[in-house]
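Working notes, beginning with the structure itself.
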Amino acid sequence: MEQRGECLAKVQLLRDQFENLEKHTQWGIDFVDKYTKFVKERCEIEINYAKQIRNLSKKYQPKKNSREEEEHKYSSCRAFLATLNELNDYAGQHEVIAENLTSQIVGDLARYTQELKQERKSHFHDGRRAQQHIENSWKQLEACKRRFERDCKEADRAQQYFEKMDNDINVTKADVEKRAFSKARQQAQLRHQMAADSKADYTACLQKFNQEQNEHYYTLIPHIFQGIQDMEERRILRLGESMKTFAEVDRQVIPIVGKCLDEITKAAESIEPKSDSQLVIEAYKSGFEPPGDVEFEDYSQAMKRTVSESSLSNSKGEGKPEKSSGKGKGKLWPFIKKNKGSGPEDFSHLPPEQRRKKLQQKIDDFTKEIQKELDQRDALTKMRDVYIKNPQMGDPSSVDPQLADISQRIEKLRFEAQKFEGWLAEVEGRMPTRSDPPRRQSGLYDGQNSTPVSNSCAQDRESPDGSYTEDPSSEAQLKVPVPDFDDEFDDEEPLPTIGTCKALYPFEGQNEGTIAVAEGEVLYVIEEDKGDGWTRVRRNEEEEGYVPSSYVEVCLDKDAKGSMTYI
């Protein structure tokens, strides 16, 4: 009984171990699934990150035909563009990481997990079958053992009964008794034979069970356990290799990522502050010469002036010159206007240098367009010649309308180019050279001590036609009411002539109190510049007004105030 109980305990213990192994191996498979899910989510993060990086790079890329494209002439803008391009490549490397992780880990582990489940299922199926077989063998042994025990007891009882009849002193020799005695002896012999057979069966069954049990515990079960152990070790090893691959995938793209970062660093080091500053200077250089020194003006001579030298007519009283002088302080030319929209076609609203660049750019554009049209005309001419030589290929007259249209376009483009070339020649002829002595008109600076120097010099940088202003902020700071000249022409008698002047530039004279002049026109001077930047001239007895002093070359009569020239 003790041996039997020990054997049952071992069988039960083995069954429990199989259950524990089943739980552990299932946990191992679940852990592989968990790691696979982790890598899959990492791939999604890499893909989303790459997408966001690409969108960021695309968002800050310069738009075509926009001002941002022009800005990329600066080295800092080019460096930023290079950074955006490298960032796009950097995003591509994260996509490579996601792709390699998916193919080398996620897909591989998914296939391996299916194989692992099949192998695990096979091992535990073999284990359960071996366990069931040994339990059945044990049950057969128990049955043989119980049958042998029962037959032994029956034989023992039959023997006891036979011996009792044989020893009975009262037994007679009658036939009936003889028959009963004989039957008891036969029964005892039969029981002994059955007991002997049961013993033989039990012995054989016991030998078989011991052999199977030995094979079960020393061969089958160890083999199954070894298979499960090998499966688990391969699973752990495979998981470790996947984790190593996880790091290698990142390491493979590090050199390329490093190159991207090196290119970004190289682009940053290529930034040239002085070169960018020079580009700004070239882009916004006006071409105006800086103003010269302010000349001393002796206002004490005003007391010695004759009637002809006074500011206006004596009929207005002594306060009239002071009124005129007061108007000349701190005011802009009345023809300075803020350009609205795209400006005139000849770019006259720009400073000389800027105007020259714009005109040259337009001429270059027209040249390219003309060349394109000429190339197209040459191609059509060759086609026409081919048609003439080979009429079967086409009608030569079909090309004539296109050639006529191209000729018209070429003539139109050439006319436009000549127009801009004329304006360019005009600008280049008017632009002052470094050898020209600069002159500063003092009247524009009187009474402007509180105004910044950059603003007070704005009018010295006007274009010859006077329609340029620096920028909105400067215009806002320098905006002064236009002087009213009406009351200065109410003289009862015309002022005497004190000299002549020649117009250097054309002046439209659109504002009230001014007079329009043509370039090269000679006029009479009736009142010289008193420091406000204006000279009063007369064309005939009825036409007189003010013109900018910088637009005319003045020659005063010697008996008036000597000879003097304004440039």
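Table for the structure above
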| quantity | calculated |
| --- | --- |
| Spatial extent of region 51-129: Rg and Dmax, with the Cα atoms as the point set, Å | 25.1, 82 |
| Sequence-distant residues sharing a close amide H with I515 (under 5 Å, placed H) | Y546 |
| With DNA, RNA and ligands ignored, accessible area of D346 (1.4 Å probe; Å², nearest 10) | 30 Å² |
| Candidate residues M231, M194, M393: accessible-area rank, largest first, probe 1.4 Å | M393, M194, M231 |
| Length added when fully stretched, K412-A143, from 0.36 nm per residue minus Cα-Cα | 84.7 nm |
| Within region 10-163: Cβ-based charge dipole about Cα centre, in debye rounded to nearest 20 (Lys, Arg +1; Asp, Glu -1) | 300 debye |
| Whole-Å semi-axes of the ellipsoid equivalent to region 246-285 (Cα gyration tensor, √5λ, descending) | 40, 7, 4 |
| Positive dipole terminus of region 179-303, leading residue within Q187, P255, Q278 (C-beta point charges) | Q187 |
| For region 19-155, diffusion coefficient by Stokes-Einstein and Kirkwood Rh (Cα), 20 °C, 1.002 mPa s, µm²/s | 101 µm²/s |
| Peptides 127-136, 100-109 ordered by average Cβ neighbours within 10 Å, highest first | 100-109, 127-136 |
| Of K73/K266; K357/K502; K40/K63; K59/K266; K285/K530; K37/K58, pairs whose Cα-Cα distance is over 26 Å | K357/K502; K40/K63; K285/K530; K37/K58 |
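The values are calculated or read from the model by the stated rules, or taken from the named source; none is laboratory data. Treat the numbers as computed from the prediction; the structure is a model and nothing was measured. Glycine gets a Cβ as well: all are built from the backbone with ideal geometry, and neighbour counts include every protein chain shown. Note: accessible area is taken over every heavy atom of the protein model, side chains too, but ligands, DNA and RNA are not part of it. Shrake-Rupley method; radii C 1.70, N 1.55, O 1.52, S 1.80 Å.
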